[in-house]
Amino acid sequence: MQDTPTNAYAARRARLMDAIGEDAVAIFVSGDEKLRSRDTDYRYRAHSDVLYLTGFEEPEAILVIAPGHDEGATTLFVRPRDKERETWTGRRAGPEGAVADFGADTAHPLEELDDKLPDLMRGREVLYVELGRDAAFDARIHRLLGGLRRAKNRPPEAPTVLKDPREVLHAMRKVKGEEELALLRRSCEIAAEAHLAAMKACKPGMHEYELQALIEYVFARNGASFPAYSSIVGGGDNATILHYTTNRDLLRDGDLVLIDAGCEFNYYASDITRTFPVSGSFTPAQRDLYQAVLEAEEAAIAMCTVGSSWWDIHQATVRTLTQAMIDLKLLKGSLDELIEEEAYKAFYMHKTGHWLGMDVHDVGPYYDGEDYAKLSPGEVQTIEPGIYVSVDAEDVPDEMRGIGIRIEDDVLTTEDGPVVLTGGVPKSVEALEDVVGSGYSFTV
Ligand code: GLY
Ligand code: MN
Ligand code: MN
């Protein structure tokens, strides 16, 4: 994988080995290609755990980490070199390349897995493997374990304890190293440039997919060849559908458009949402709702400090938004009661953020035992409050029906406070009214 130094992968594997110890073996699976239509596959993207530990990008790879093993701790099982297949579907590293370029101590063609994996598990007490993701792989592991268990040797040869490797590995992935932060920052910069381009280009009469195309063009032009998730471009009341990805409608004068789009740059995701008027001018109702969401967002960002928890941040955001819903006549009643009864969920039905990293909804614990996990330096999360008033909402001001607003930034927690990685894209009412429709010209 570009731009991550080889020694970073080795250091990650060393940390994992320290954590699991020499009595254990861990297996990670990159995943198979998936059919999209007839004989055409979805574009392949390896599992982040395998990418994080090796940078190995090809389908079907299996990574085995056996600390202290005679033949080396890191073994990769990979597709073999095959001149004919490579002519059709692209280059393969093969076992030779897995050793030369991806840090494996030993590598074998995939067909040798059944033969060689038992040797890597033999005599170790704990087997770390994620079961329940791929039924065929689960069956294979059970069969190989069964074979080892049938051997009547003493001491027993088969691991007796099965553990999920995600607990250890995902706690590591949650706190980003400097080399990861460099990639995340770039991912965020590219996504910010793309949102700015869409704002500048937006005019009534365009279609949602035209803004999507422009955003994804800016991603690709910067080497981020894939969105981190399906881009959301929702004009008018499409913005009240949280994961709207149809992106087919006309953008109309007088409506807002909500764009939630981020790229994947060298396997690191960005995740930005902006909502702005298609014509460049907010109506009073749109401005009131927008300002309420913006104030909640800025307050939540300020809370992304060491020691606060994602739950504290969410609770504070719920409080700010619920008060705004009362002030704007979306809700009637006392603040505490409306929060207690979760009345705000009619208009704010998701959480305030999630971890961000190699996966857009990144891995890592949200709890620390019974408590909510507290933020540490090097963690990155999104902050994304919103208010969504459906077209058929009852007892709300008419002019607010069909308005959906979300504002989302990506925030790094440091010892010195929060750092917004997506600050390159405007969000104040004034800045948006200035920039929207100001014109974008392609530079090719
Ligand atoms: N784009 C998905 C999310 O904001 O969580
Ligand atoms: Mn998000
Ligand atoms: Mn998003």
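What follows is calculated from the coordinates using simple rules that are stated; it is not laboratory data. Treat the numbers as computed from the prediction; the structure is a model and nothing was measured. For neighbour counting, all protein chains shown are included, and Cβ atoms are generated from backbone atoms with ideal geometry for every residue, glycine included.
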Of Ser37, Ile20, Leu117, which is farthest towards the positive pole of the chain's charge dipole, taken about the Cα centre with +1 and -1 on the beta-carbons of Lys, Arg and Asp, Glu respectively? Leu117
Dividing the helical contributions, -39500 (n - 2.57) per DSSP H run of n ≥ 4, by the residues of the chain yields a 222 nm value, nearest 500 deg cm²/dmol, of -11500 deg cm²/dmol
Go through Lys176/Lys427; Lys329/Lys427; Lys174/Lys345; Lys176/Lys374; Lys203/Lys427; Lys200/Lys427 and tell me which ones have a Cα-Cα distance over 21 Å in this structure. Lys176/Lys427; Lys329/Lys427; Lys174/Lys345
Report the one residue of Trp355, Val436, Met400 whose Cα lies farthest in the direction of the positive end of the charge dipole of the range 286-444 (charges on C-beta: Lys and Arg +1, Asp and Glu -1; origin at the Cα centre). Val436
Between Ala182 and Leu110, how many nm apart are label points set 7 Å from Cα along the C-beta direction? 3.3
Share of Cα-Cα pairs in the range 112-192 beyond 22 Å, whole percent, is 46
Could you order peptides 263-272, 248-257 by the average number of other Cβ atoms within 10 Å of their residues, highest first? 263-272, 248-257
Helical segments meeting 24 Å axial Cα length and Kyte-Doolittle 0.0 threshold in the chain (DSSP H): 178-201
Between Asp416 and Glu370, the two model label points (7 Å from Cα along the beta-carbon direction) sit apart by a distance in nm of 3.9
Charges at C-beta only: +1 for Lys and Arg, -1 for Asp and Glu. How large is the resulting dipole of the range 1-93 about its Cα centre, in Debye rounded to 20? 440
Three-way shape label, the range 373-439, alpha-carbon gyration tensor, a/c 1.5: oblate
Extension gain Leu35-His361, at 0.36 nm per residue separation less the Cα-Cα distance, in nm? 115.0 nm
Residue among Thr413, Pro227, Gln286 farthest towards the positive dipole end of the chain, charges placed on Cβ: Pro227
Estimated FRET transfer efficiency (Asp18, Ala213; beta-carbon r; R0 56 Å; 0.05): 0.75
Let's test the formula: R0 of 51 Å, r as the Cβ-Cβ distance of Ala100 and Lys332. What FRET efficiency results, to the nearest 0.05? 0.15
Leu162 versus Thr443, label points 7 Å from Cα toward the beta carbon: distance in nm? 5.6
Cα-based radius of gyration of the chain once divided by 2.2 N^0.38 Å, which approximates compact folds: 1.11
Rounded to the nearest 20 debye, what is the charge dipole size of the chain about its Cα centre when +1 sits on each Lys and Arg Cβ and -1 on each Asp and Glu Cβ? 1220
Ordering of 5-16, 114-125, 48-59, 63-74 by burial proxy (mean other Cβ atoms within 10 Å per residue, highest first): 48-59, 63-74, 114-125, 5-16
With a Förster distance of 51 angstrom and the Cβ-Cβ distance between Arg85 and Gln315, calculated FRET efficiency to the nearest 0.05 equals 0.40
Debye, to nearest 20: dipole size of the range 139-242, +1 on Lys, Arg Cβ, -1 on Asp, Glu Cβ: 1020
Cα convex hull volume per residue for the range 278-386 (Å³): 127
In Å, the Kirkwood hydrodynamic radius of the range 262-310 over pairs of distinct alpha carbons? 13.6
Students often check this: by mean Cβ neighbours within 10 Å, which of 189-199, 430-440 ranks highest, and how do the rest follow? 189-199, 430-440
